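Some notes on the structure that comes next.
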Amino acid sequence: MCGILAVLGCSDDSQAKRVRVLELSRRQFSFFLFVLKHRGPDWSGLYQHGDCYLAHQRLAIIDPASGDQPLFNEDKAIVVTVNGEIYNHEELRKRLANHKFRTASDCAVIAHLYEEYGENFVDMLDGMFSFVLFDTRDNSFIVARDAIGITSLYIGWGLDGSIWISSELKGLNDDCEHFESFPPGHLYSSKSGGLRRWYNPPWFSEAIPSTPYDPLALRHAFENAVIKRLMTDVPFGVLLSGGLDSSLVAAITARHLAGTKAAKQWGAQLHSFCVGLEGSPDLKAAREVADYLGSVHHEFHFTVQDGIDAIEDVIYHIETYDVTTIRASTPMFLMSRKIKALGVKMVLSGEGSDEIFGGYLYFHKAPNKEEFHRETCRKIKALHLYDCLRANKSTSAWGLEARVPFLDKEFINTAMAIDPEWKMIKPEEGRIEKWVLRRAFDDEERPYLPKHILYRQKEQFSDGVGYSWIDGLKAHAAEHVTDKMMQNAAYIFPHNTPNTKEAYYYRMIFERFFPQNSARLTVPGGASIACSTAKAVEWDASWSNNLDPSGRAALGVHLSAYEQQAAATNASVVPLKIIDTVPRMMEVSAPGVAIQT
């Protein structure tokens, strides 16, 4: 992932302002202010035209040699700074045969598409992206974000009338009077002076679909989504937790990697990566899947104390105080650092499947297919605040790009058109969560995965890395947040008041980094059970007394639910000493095998 920062319509066009914008762009993409440019370590670019500035920090994945940004059209009248990947750029270039491209960068098509089609080209892009495009001919500009919000993006307003665009809050919080998350699937046009939604798929209305379930159509749609994301000019791998989603991504990648440009450059053997506490469910399952697929497997261990030590860094980078996001981001943050150290710059990951197929365990209690479908729609629409934010910022903190094939536009359309009756969880009929996806890849002749992996129960990432991870976090928070502090929580934090000591602990750290009211308003709130929306909590009356985003809070559903682990239901009974004897941040990988260069 790259990083972008734009200041548009600034009243100060002095050299001092140019220096300030460059300083902010470096700060926004650095680890602890100026120490390490994390989002884009490969190149820095800054363009100024009058009172407008476009800055870019590049992580080079496609055309590393000549794709530096900002990018231009032929006569440099149109300038664009982009974060993301355009997977159909070669097809789009064919439609722009009369245009001359300056680089082989996939993002170079954006300036030329605008030149050819004006503002109405964004839906032609197949990929993940956020960009700012400036037209010097009339000093107009547009800003756009991808359909689901895979890439992070924020918009802010300065007292001098300027508009600021940034990949992270850190680029805005000191200079903007107000800022907020830029909505996914939207475009801002300076000509109209407002936002409009460019992404209008059939499922967005939440109308109940009726297309019959076709397992082969679903399989082919997802295989295509994975294959198109193998576009890379740098070493890559897959994140492999051993759960259904990441295992399918790995299986399809392993099956189709040979013969691709990436295989010719970096070798046909897939590299896979997993993280967890010693003895965690994910480590065991991922190792088995890696053995089955024949991937070069890299296994990273961390301790509870390792994770706790990283919490402040994690909150600074992911820019949220949401409990479940922080729980899951921390292992991913630690793993990303190790992956980047191996020379890998891009990974495929399995985010999005649970939202599309109702994979979270609370979906067991969906009262009917209508509520089931509406909840999946709500979850997809909120992904940019949760799992997309985690996947993007946990990896980009170390200059690593995460691609998510489940959030492919065409695949989402295929999956969300299925009659939700087929997605309903019916244990009495042998249909567990995400049954339609499992069945689509249950191939007896050429199995994608071992049967018990294909039908493994859902584990949320923060649970799968080791159950003691969440229990340890609660214990640590109990040491730092007193009962008296909780009694006054509503006065200290009137917005999204934390209702647990763990939530209060994260909120204190967040407010220290981002004290502005605009910052706290970018974080979602509301009741949740096992990652549900507040609306779905209504499905079971008992849930209101057991609100926790962990999958183990789904009482009567999860095989290791809190009701079966009484010692873990209250942080106060967990031993507060959490430093163990496991060696810290070990790597276990195939001996003598390195990333081919």
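Each reported figure results from applying straightforward, stated rules to the coordinates on display, with no laboratory input. Quick caveat, the model's predicted, so the values are computed rather than measured. Positions of Cβ are generated from backbone atoms using ideal geometry, with glycine treated the same way; all protein chains shown enter the neighbour counts.
If you take the square roots of the eigenvalues of the alpha-carbon gyration tensor of the range 43-126 and sort them as a ≥ b ≥ c, do you get rounded (a/c under 1.5), prolate (a/b over b/c) or oblate?
oblate
Determine, for each peptide in 393-404, 111-122, 315-326, the mean count of other beta carbons within 10 angstrom over its residues, then list the peptides with the highest first.
393-404, 315-326, 111-122
What FRET efficiency would be calculated for the residue pair N499, L159, taking the C-beta separation as r and a Förster radius of 30 Å, to the nearest 0.05? Write down the numbers at each step before the final one.
Numbers: r = 36 Å, r/R0 = 1.19.
With R0 = 30 Å, the Cβ-Cβ based efficiency is 0.25.
Which value, in Å to one decimal place, does the Kirkwood hydrodynamic radius take for the range 88-172 when every pair of different Cα atoms is included?
After inverting the mean inverse Cα-Cα distance, the result is 14.3 Å.
For the range 78-123, what class follows from the C-alpha gyration tensor (a ≥ b ≥ c being the square roots of its eigenvalues): rounded when a/c is under 1.5, otherwise prolate if a/b is larger than b/c, else oblate?
It comes out rounded by the Cα gyration axes.
Can you list the residues of the range 234-254 with backbone N under 13 Å from a point 7 Å past the Cα of T260, pointing along Cα to Cβ?
From the range 234-254, the list is 234-239, 249-254.
Estimate the FRET efficiency between D291 and R137 by the formula 1/(1 + (r/R0)^6), using the beta-carbon distance for r and 60 Å for R0, to the nearest 0.05.
Values: r = 58 Å, r/R0 = 0.97.
Result of the calculation: an efficiency of 0.55.
Can you list the lysines whose alpha carbon is less than 25 Å from that of K451, not counting same-chain residues fewer than 8 positions off?
Cross-link targets: K284, K423, K426, K434.
Could you tell me which of rounded, prolate or oblate describes the range 172-329, using a ≥ b ≥ c as the square roots of the eigenvalues of the alpha-carbon gyration tensor, with rounded for a/c under 1.5 and, failing that, prolate when a/b is larger than b/c and oblate otherwise? Mind dumping the intermediate values first?
Working: a/c = 1.80, a/b = 1.20, b/c = 1.50.
In terms of gyration-tensor shape, oblate.
How about K191: which aspartates and glutamates have a C-alpha closer than 20 Å to its C-alpha, ignoring those fewer than 8 places off in the same chain?
Hits, sequence-local ones excluded: D51, E115, E116, E119, D123, D135, D138, D160.
Please give the peptides 282-289, 145-152, 480-487 ranked by average Cβ packing (other Cβ atoms within 10 Å per residue), highest first, as a rough proxy for protection.
Highest to lowest by the protection proxy: 145-152, 282-289, 480-487.
Over the range 95-241, what is the relative contact order in percent, taking alpha-carbon pairs closer than 8 angstrom and at least six residues apart?
Averaging sequence separation for qualifying contacts and normalising by length gives 15 percent for the range 95-241.
Calculate, axis by axis, the spread of Cα positions in the range 282-428 along the three principal axes, and write the results as whole Å, longest axis first.
Sorted largest first, the three principal extents are 46, 38, 30 Å.
Provide the per-residue ³J(HN,Hα) series for the range 366-371, in order, calculated from phi with Karplus coefficients 6.51, -1.76, 1.60 and θ = phi - 60°, each as a whole number of Hz, with x at glycine and proline positions.
Each residue's phi maps through the Karplus curve to give 4, x, 6, 5, 5, 5 Hz.
Across 10 Å bins from 0, what is the distribution of all Cα-Cα pair distances for the range 374-447, in whole percents?
Spelled out per bin, shortest first, that is 15, 37, 32, 15, 1.
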